[in-house]
Structures are given as C-alpha cells and as structure tokens.
1. Quick check: is even one residue across segment 239-261 open to solvent by less than 60 Å² (accessible area, probe 1.4 Å) and in contact with a Lys or Arg (Cβ under 6 Å, 6 or more places away or on another chain)?
2. Going by the conditions given, is Thr133 open to solvent by less than 30 Å² (accessible area, probe 1.4 Å), at pLDDT below 90 and either on the phi > 0 side of the Ramachandran plot or not hydrophobic (A, V, I, L, M, F, W, C) (or both)?
3. Run Ser223 past the list (1) part of a strand (DSSP E or B); (2) over 19 Å from Ile143 (Cβ atoms); (3) open to solvent by 30 Å² or more (accessible area, probe 1.4 Å) and report the number of the one that doesn't hold.
4. Could you please let me know if Pro231 is over 30 Å from Leu128 (Cα atoms), open to solvent by less than 90 Å² (accessible area, probe 1.4 Å) and assigned to a loop (DSSP other than H, G, I, E, B)?
5. Can we say Phe23 is part of a strand (DSSP E or B), loosely packed, with under 12 Cβ neighbours inside 10 Å and touching a Ser or Thr at 6+ places or on another chain (Cβ under 9 Å)?
6. Among (1) out of contact with any helix residue (DSSP H, G or I) (no Cβ under 7 Å at 6 or more places or on another chain); (2) buried (at least 19 other Cβ atoms within 10 Å of the Cβ); (3) within 26 Å of Ile10 (Cβ to Cβ), where does Ala184 come up short?
7. Name, by its number, the condition in (1) under 29 Å from Gln37 (Cα atoms); (2) modelled with pLDDT of 95 or more that does not hold for Ala197.
8. Is it the case that some residue within segment 275-290 is within 30 Å of Arg154 (Cβ to Cβ), open to solvent by less than 50 Å² (accessible area, probe 1.4 Å) and not in a loop (DSSP other than H, G, I, E, B)?
Amino acid sequence: HASPWQVVEIRLKADQDGVAELFWSNTSTGRYGGFSQEKSTRFNVTGDSRWHTYHLLPGWHSEGRIVRLRFDVYDAARFEWGFLRVVDLAMPSATTSADFDFSKGAQDWQWFEPADGTNATVWERNELRPTPTGFLLGPPVKINAAEQNFASVRMAVDRGQHATLFFLTEQGRGLHSFTFPIQADGHEHTYNVDLLAAKDWRGRVIGLGLRPSDATNATVKPSSLAISDAPQGPPQLKVRSFELEDALPRVGVPVKIVALLENTGGQTATNIRAKLELPGGVKWGASSRPVTPVASLGVGEETRLVWNV
C-alpha cells in the first residue's frame, strides 16, 4: 500500500560519485514493464568506498499500491548493495490550518536528511543549523491550492542565496519543489512566495517542506510559515534594481540613476524616504535632491526613483 509518508532506505557502497535512480510503479504492464520517467526518484551517491544509507521520499501515494521496483546505478563504478526497505514515518494527524508559529517550538516539523554521515540537525533556542542537502518536513496538511497560493516564510538566515519550499499533492506524483531567493544578512525577513508560479501547485496539497538555505554552515532562526490567500507580515521594502538609465556615461555629462523599489511585505508601506549618497567626483544635477519621499507603496507594488547627477 502506497502512502505519502513512506521512505525508501537504500544501503549502498560505491567507489565513484554519481546519481542513482529508483523507479516505482503500480503496474507491470506497458512499454517498459510499467516503468516511466515520471515514476522515479533520483539521488546523489557518495563514492568514498564506505557504506551509506540513503533516504528517499518518493511521493508515490497516488499510485495506490506499488507492485514493481527497479534500481539503476551508473557506469564506471563498483558497488556493494546492503538493503532496500520501505519504512513509514511517524506523523501526527493532518491540520487544516497551515499556519505554524516556530516561536512556540518545532510545531511537529522534523528534519529529513537524504543521506547519513551528516551532523544531526536540531532546534536549540529557536536556532537551526541545517545541512544544504536536507530539509524540514512538516506535519500532514489539507490545503486547497486554488484558494491558498501564498507561502509566507519568516526567518533569519546568515548564509546562502536560495531557499526551497517542498510540497506533496494528493493526486500528483513525486516531491515537488519551488526555489526562491533569500537575503542572508542574519536579520529576520518575510518571504512571500507566490506559488501560482509553481506548475505543480494544484488540487489538494497534503505535505510541506522547507530547505531554509543552500549554504554549508548556515545558521537559521525560523519564525513562522503560513499558507494563505494573500501575502503576510509587515511592510518590507526591497531594492529590485539600482543602475544608470543610460549606458556608457561620460565625464561632465548629466545622467540619471534609477532605483526600482518594491514592497514585498503583507501590508502597505507609508512615509518612505529614499536617500542617495554620492561618492566624490559626482555632483547633483539640476532640480535633484538627495532624499526622495514616497507617500505609500501597496503590497506587491513597485515605484521608480530617479536622481539626476
């Protein structure tokens, strides 16, 4: 019987790095004996000639039952195979409100690590030191993807460029993912992720996961994660671009410096003052001032700031 919370454990030894693949199917008929690329899970293998146990979350529940498995390794390597087994994760009952306040603790979220040999990842005083390969796996949820398409993640991260949101759907195959940029300055930020851009975000979502950073030795302070129908959190300003309007500026010739400012938060920002500081050798142009006021900026709105120098 296929369940969304089943993990395939594979014990393997290899003398070269590579990518292995597990195929799974609910039938033994068809062109390839029931197998297809859509019903497979790929994973990285460490080629250090030591035993490793790899943990796969195939997301094969929509199959109903699994009747065939096929395990493919790669060329130019020597392997020893210990075992393949299917285990069930211990999960609480599903929640209909996907609104998790991590200041109150882990909220039934657990760390899922695809391979052994890495340091254990635990929450201590609301601080998490994740690995770049694993991710936080949440409790079962019941989310209508058509009505709730915003993921609001609030956290502080000190290293990395991207975070990844994982999700399982009731009818879809596999573990889906959507990557978004983060601001790794060690300060708390709210990331409102529009999941309409994720092609697999549809139907009923039954599971969530979060990889907070893609960096090694990152420190993360998770604050909250919520799925809703609109952006969440306070106003948050982000400089989308900051550049010269015209290419190839010349000495003594006036140019325009343009900044594109966006409110990525969940509330309207008001009384904004953008200040431009000039380096030596650059002067203000006619009718231009250092500070540009903006009365308000709505959720998701952008404004174009222009200075003549």
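The values are calculated or read from the model by the stated rules, or taken from the named source; none is laboratory data. Owing to the predicted nature of the structure, the values given are computational and were not obtained by experimental measurement. Using ideal geometry, Cβ is built from the backbone for each residue, glycine included, and neighbour counts are taken over all protein chains shown. Note: accessible area is taken over every heavy atom of the protein model, side chains too, but ligands, DNA and RNA are not part of it. Shrake-Rupley method; radii C 1.70, N 1.55, O 1.52, S 1.80 Å.
1. Yes, segment 239-261 has at least one match.
2. On the way: open to solvent by less than 30 Å² (accessible area, probe 1.4 Å): no; at pLDDT below 90: yes; either on the phi > 0 side of the Ramachandran plot or not hydrophobic (A, V, I, L, M, F, W, C) (or both): yes.
No, not satisfied.
3. (3)
4. no
5. The answer is no for Phe23.
6. (3)
7. The failed condition is (2).
8. No - not one qualifying residue is present in segment 275-290.
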